[in-house]
1. Which pairs, out of Lys368/Lys421; Lys80/Lys421; Lys242/Lys421; Lys242/Lys368; Lys212/Lys256, put more than 27 Å between their alpha-carbon atoms?
2. Once the other residues with Cβ under 14 Å from the Cβ of Glu91 are scored (Lys, Arg +1; Asp, Glu -1), what is the net sum?
3. Which semi-axis lengths, in whole Å and largest first, follow from the square roots of five times the eigenvalues of the Cα gyration tensor of the range 301-344?
Amino acid sequence: MITRGSLCCVATLGSSTKNTNLCFSTPLFLGRKMPSIKRSSSLLASPSKANSHPLMMIPPDEEEEDGRSLCRFYDYVNEKVLNTNIKIPEEVDHAICIGSSHGWLAYISRLDCSVFLWSPFSTTPLISLPPIDTLPSITSVPLEEVDEENPDDEILERCEGDTLHYKWKSAYESDDDSSPDFGFKVEWDFSDQSQSFYTRSAKRLILYLIRKIVLSSVPTSDDCIVVALPGLSIHRSIAFCKPGDKSWTFVEPPLKKYFDIVDVIHFKDQLFYTITSCQPTLYAYDLADLSSPKSYLIEPCFKYEHLSSLEKYTRRSCRKRYYLVESSGELLLVCRFFTNKMNSDGEIILNSSITRSPDQTTTFGVYKLDFSRNKWEPIRCIGDQVLFVGTNQSLSLSARNFSILKANCIYFTDDSCEIHKKYPPRWCKGYGGNDYGHYELGGRYVFGELCRFGDGRVLPPPFWVMRHFH
């Protein structure tokens, strides 16, 4: 058994063993005690560039007399919960966060699929972004043309020999939820198939229309470029706009193959880089001339990485999620390994047929791109740097400026889109948003739960937001 977060572990591995079980215990907060949760009712002051650090935006628990929720953050540097008097706009209450960049949050509405930006630290009102149906391959259609009986919309649960069918539902859905009176027609094709299309209601597709949004700078500046990763498109690439534009501009990908693009970053205030879920493959985008955007294919190979048998087995047995991070002028690829094979005792057991359980991060791998040799080099130490990954545009800060931060660590939040789905109670029992904590590269430990917000599903899920400075 391997205890996640423990200082020592024992495992039996080898080809002679027919049934190998690899287990991780539930997250532990090791190294120091869980922080005592303090309260603050003061407004968040705009910090200076020297002391600015990300906050974890957490679900609100207070409302004003008018029913509006108030922003709440967890400040791990000062180890306290910040209850603010910042009112959350009604539009944000009915939306899903799809990005956090330069102190601004990107949202897509659950009511009408509109996309907009909002900052809890700015008096600037919401900034609307172009409509969804200006993205490539997506067209809005009347609701009567939507095919809601397609089996792809069903969730199947097999229990005791029976197959039970459930319709896809949103975790936010209630009986009095209003729905848009339109749906979307999505064109689709694969390299080995002819092009086709399907239609779905907006409620069914909201989680997949845009995967992530990042900004090159604050959206109130003249040079700001908003980049979106469309989740549904014939050829996966990026789309961009300037705040105030009426439509998204699609950039032709350098390689027209069906690869999911899973993360994007603005690197050194110059190029945008994206990473695919397959291989993974790196794309670079030059948007210096918005009238003539350019894209490039970069296929760096991976330098041989010496891993123990245990590390190899763990990585092969887990699913992966990739992030790009700019750290000390270097381009890093962060690979997050996670699994949902957890038994009733809180142990993740691979090679077993246990029922689905919450995703739990087990380990990370970090690679630095050597541009001159076109290689991803594995690294086990990032010095005094601290990485922040999740729904946000990935960040890197120096721990020297914050005594409570652990150098050479990755702080992570739960960014799985599965959080926003309502699964059958017998299948998942309602969870999500709980896979957050930090990972120490040198010691290879996972520390769970920076602070706790109750059992079960956490909606909206916590995410990092950087206070912008003036």
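Values in this text are rule-based calculations from the coordinates and carry no lab data. Note that the coordinates shown come from a computational prediction; the quantities given were computed from them, not determined experimentally. Because the Cβ atoms are built from the backbone with ideal geometry, glycine has one as well, and the counts that use them run over all protein chains shown.
1. Values: Lys368/Lys421 35 Å; Lys80/Lys421 30 Å; Lys242/Lys421 31 Å; Lys242/Lys368 31 Å; Lys212/Lys256 20 Å.
In this structure, Lys368/Lys421; Lys80/Lys421; Lys242/Lys421; Lys242/Lys368 lie more than 27 Å apart at Cα.
2. Details: positive: Arg68, Lys87, Arg110; negative: Glu90, Asp93, Asp112.
That works out to 0.
3. On the way: eigenvalues 121, 50, 12 Å².
Ellipsoid half-lengths, sorted descending, are 25, 16, 8 Å.
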